[in-house]
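What follows is a set of notes on a single structure, which appears directly below.
Coordinate-derived values only; no laboratory data. Because the structure is predicted, anything quoted here is derived from the model rather than measured. Please note: Cβ atoms are built from the backbone with ideal geometry, for glycine as well, and neighbour counts cover all protein chains shown.
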Amino acid sequence: MALKVEESNVQDLNRRAASGCRFCGASLHHTFVDLGMSPLCESYLSADELNAMEPFYPLHVYVCEQCFLVQLEEYVSPAHIFTEYAYFSSYADTWLQHARSYTELMTSRFGLHSSSQVVEVASNDGYLLQYFVAQGIPALGIEPAANVAKVAVEKGVPTLVEFFGVTCAQRLVAAGQQADLLLGNNVLAQVPDLNDFVGGLKILLKPHGVLTLEFPHLMRLMAGNQFDTIYHEHFSYFSFITVEKIFAAHGLTLFDVEELSTHGGSLRIYARHSEDRTKPVCPSVAALRRDEEEAGFTQMACYTAFAEQVKATKRALLAFLIDAKRAGKTIAGYGAPGKGNTLLNYCGIRTDFLDYTVDRNPYKQGKFLPGTRIPIYHPDKIQATQPDYVLILPWNFKEEIMQQLAYVRTWGAQFVVPIPEVNVV
Ligand SMILES: [Zn+2]
């Protein structure tokens, strides 16, 4: 019976959201930032594709005047983006460490054991669930990209290949599966049908279960001017206040929250069924809500000011590049991350400014950046060509990169860090 009520709630919310805000359905009138037309940021080109056209989609972000959800319209079908996803989580050592310490924290805080059930939505290649499996705690992954899910299964992590939502959750419950710990890292932003997704979480969670989600924090994105982390693959950008509203509408209460340094500043939220009184709401919840209120997150002016800051960054970066080129300097890029593609396409920076970029990932070497078609080489190219400036595209790793590339100082080169503001060091 309870299941029926939740289902009709999701259908109501969905009906409203069909033509406007992804959560509340209000029509979208206010621009958060308009980054123009851009290709999908992970669509690297090979040499034989250079004579073909590329699809470009608007990267126009709105903010809802009712619930303040910052969002992109759904320009690209999620099936197109996610069914053969190239990102394998296990490639990043720091990310694996993060996953391992999360599993230890959850196991001790919530007393998980051999008869508990852990379920991860968007479980990728099993990078996280493998640590629960190693502890003998039953784990199930749900992952829409078949090629990535296959790697998880080979590691011993049972994985269903599908998109998560109400239908998937109902089928699992009917088969006798519900979660003591339900988690999703870096998936909430990528969900096109937000109400169906959160409605599914509500259904799959056991009566006293715990739900945790991690996602980039809008307050950090804005404070750090991280507009280059806006991609077509990220449909929504969340403040704590808005995410709390969305979960409350689905009968879920946030009872704790942590601020993490991952992805330029993320939140880890802890949720439970609203009717589950066994877990009191921690002071962290009211504290973060108050921080956001004080920063203006319940007023439209706070959001609409962001666009001007982004335009100022574009002007400053172009002014630097134009001056450098007029002075006859050479400029190389470092890195070929998705965020670099948003930045370069928005600013219109091609090989007229940046001779090339380099990346340590062998899959990207020999390819070209989407849209700007800047060639990607092995990092040795920097030593061979001795550019005057190195533009660091993955600015979140700038310290590490400047250390690795300290040798460029021998010929007097300088680093250019574009975000949060253009800085030459
Ligand atoms: Zn809304």
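Assorted remarks:
- Listed peptides 298-305, 210-217, 148-155 by packing density, highest first (mean Cβ within 10 Å): 210-217, 148-155, 298-305
- Sites listed here are trypsin sites (Lys or Arg not before Pro) in segment 218-289 whose DSSP assignment is loop and whose Cβ has at most 13 other Cβ atoms within 10 Å: Arg277.
- Highest mean packing first, where packing is the average number of other Cβ atoms within 10 Å per residue, the peptides 230-236, 134-140, 35-41 line up as 230-236, 35-41, 134-140.
- Considering only the chain, percent of DSSP beta bridges that pair antiparallel, nearest 5: 50 percent
- Sequentially through segment 294-301, phi angles give Karplus couplings (6.51, -1.76, 1.60; θ = phi - 60°) of 5, 7, x, 6, 9, 10, 4, 4 Hz, Gly and Pro residues having no value and appearing as x.
- Most to least packed among 416-424, 157-165, 321-329 [average Cβ atoms within 10 Å]: 157-165, 416-424, 321-329
- Anisotropy class of segment 361-425 from Cα gyration tensor, a/c 1.5 cut: oblate
- Positive-end residue, the chain charge dipole about Cα centroid, Cβ charges, pick of Tyr237, Ala305, Ser43: Ala305
- Between Thr330 and Asp380, the distance separating the two model label sites (each 7 Å from Cα on the Cα→Cβ line) works out to 1.7 nm.
- If you bin all the Cα-Cα distances of segment 206-308 at 10 Å, starting from zero, the percentages per bin are 14, 45, 31, 9, 1.
- Positive minus negative residues near Ala324 (Lys, Arg vs Asp, Glu; Cβ under 14 Å): -1
- Look at the dipole of the chain built from charges on Cβ: of Leu194, Val425, Ile331, the Cα furthest out on the positive end belongs to Val425.
- The stretch between Tyr57 and Glu399 holds 119.8 nm of extra length on full extension. This uses 0.36 nm per residue minus the Cα-Cα distance.
- Spatial separation of Cα centroids for segment 177-202 and segment 387-425, in angstrom: 38 Å
- Put a plus charge on the Cβ of each Lys and Arg, a minus charge on the Cβ of each Asp and Glu, and nothing anywhere else: the dipole of the chain about its Cα centre is then about 300 debye.
- A Cα-only calculation for the chain places Rg and Dmax at 22.3, 73 Å.
- For the residue pairs Lys311/Lys398; Lys150/Lys245; Lys314/Lys381; Lys314/Lys367, alpha carbon separations beyond 31 Å are given by Lys150/Lys245.
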